[in-house]
Structure formats: C-alpha cells, structure tokens
Amino acid sequence: AYIIRKYLFGTDECNDVAIAIFGIGQTLQKLGSLEKALKVFENFLALKQIIGDGDQHDVITALNSTAIIQREKGKLLEARSTFEKALQSGLAAFRENHPSLQPTLNNFGSLCFQMGDFNTALKLYEECLKVQKASLNPSHPDIINTHLNIAQIHWHAGRFRAAWKVFKEILSLQVQSTGPTSLAVASTVSSMALIYCQLEEYEDALELYQE
C-alpha cells in the first residue's frame, strides 16, 4: 500500500502516504519486529512534521508505540522522553480531560512506577483517573485498574493507610460492578487484610481474612 500510494501521489509529503506508513509500523509492532517498527514510526513522525497536519491522534499513538518499544528494549530514559513528548502533544491538541490522553497517562505512569519514580507515577495516574471519570461509567474496569495502580504506588512507597483507603474505594466499585461475592472482591479484601498485618492490626486483619 505504501509503494502504491507513493507512486500515485509522486511524493512522500502526503498525509495519505503517512497513513500507510503508520499502518506498517503498527503491523510490525504486532508481529514483534520491534526494531523495524521503531524505524517506521520514526519515519512516520518525521513525515507528519513535514506535512504539518493538524490531526494529532496518529502522532500521539506513534509516540506511545515508540515509547512502549523503547521500554521493552530496556531504554527507559528514552521511553520516558518519548512519553513526555506524547503527553505534551496531547495536551496541546486536546482539552485537559480528553479521552485521547488516557493511553499516554496510563503508559507513562506505568513506566515511572517501573523506574521507582512514585511521585510522578502517582500524578500521572491521578490525571488518568480524572480523564476516565469524565468519559466512563464510575465502575468501569479501566477506572478500577487505575485505582489499583494508585493503591500499588502507595503500597510500595510504604503509605499503607493511604493504600488501604484506595482499596476501600476499589471494593465499593467492585461490589457495584461484579457483586459482593466475586473473586475480584475477595482479592481486594485480602489486600486490605494484608495491609492491616503490615500495620500490626491483626484483629482487623483476621476479620477481613475470614470475610
């Protein structure tokens, strides 16, 4: 498709050709050809910059994909820089709580958590939660997962009471979405009990474990 479109339009400086290049990059990434995908995304981003097209959706997706590949290859600092570019592009193109910001905020938060930068990760997940609450049902799985990510940050940072409070919010959402006797609810109650153990509040822990 790329060769055909290039032949028809006679130049790479065409958004239609850029779309084909973007598709090649996505396909290569799904096939696991990460080095090739990375080069294709780089070419796509360079071409979009030349074109100056106002639509930033594909640009942000390409930046996210590039950062994810860099992360998978262990290039964490490069991935962080690319996620920052994706977020800046998203904030410049869309309103603050636009749904298109969610993938960048979530993936960037995950990277910062992996790097041990808990404060930045927490801020990104909290922003992601704002975006999700503006567009999704309160008990949507994505919202619950973001709450879980926030709880994990507090846990790893040693803020056990803050983590317990978030798990309590998660529990309320899970009861609404899956019922009071689901495995998801049991897992959350178990996590809350474990926090009580960390705080040496064993009677409360026992009560939750029994529940």
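Any read-out appearing in this document is the output of simple, stated calculations on the displayed coordinates, not a laboratory observation. Keep in mind it's a predicted model, so treat the numbers as computed, not measured. Neighbour counts run over all protein chains shown; Cβ positions are idealised from the backbone, glycine included.
Before moving on, here are some points about what is shown:
- Global geometry of region 72-129, whether rounded, prolate or oblate, following the gyration tensor of its Cα atoms and the 1.5 cut on a/c: oblate
- Rounded tilt (10° steps) of 102-114 against the dominant C-alpha axis of the chain: 60 degrees
- Angle of helix 34-51 to the longest C-alpha principal axis of the chain, folded into 0 to 90 degrees and rounded to 10: 60°.
- Separation in nanometres of the label points that stand 7 Å from Cα toward Cβ, at residue 142 and residue 96: 2.0 nm
- Helix axis angle, 76-93 relative to the chain longest principal axis, alpha carbon, degrees: 80 degrees
- Pairs beyond 25 Å (Cα-Cα), from 39/133; 85/123; 30/85; 75/168; 39/85: 39/133; 75/168
- If R0 is 41 Å, the Cβ-Cβ spacing of residue 175 and residue 88 corresponds to a FRET efficiency of close to 0.60.
- Taking each DSSP H run with n ≥ 4 as -39500 (n - 2.57) and averaging over every residue of the chain yields -26000 deg cm²/dmol at 222 nm.
- Region 87-193: GluC sites (Glu not before Pro) falling in loop per DSSP and having at most 14 other Cβ within 10 Å: 96
- Once the chain from residue 126 to residue 202 is taken as fully extended at 0.36 nm per residue, the excess over their C-alpha distance is 24.3 nm.
- Scanning the chain for trypsin sites (Lys or Arg not before Pro) lying in DSSP loops with no more than 13 further Cβ atoms inside 10 Å, the longest uninterrupted stretch between such sites is 96-211.
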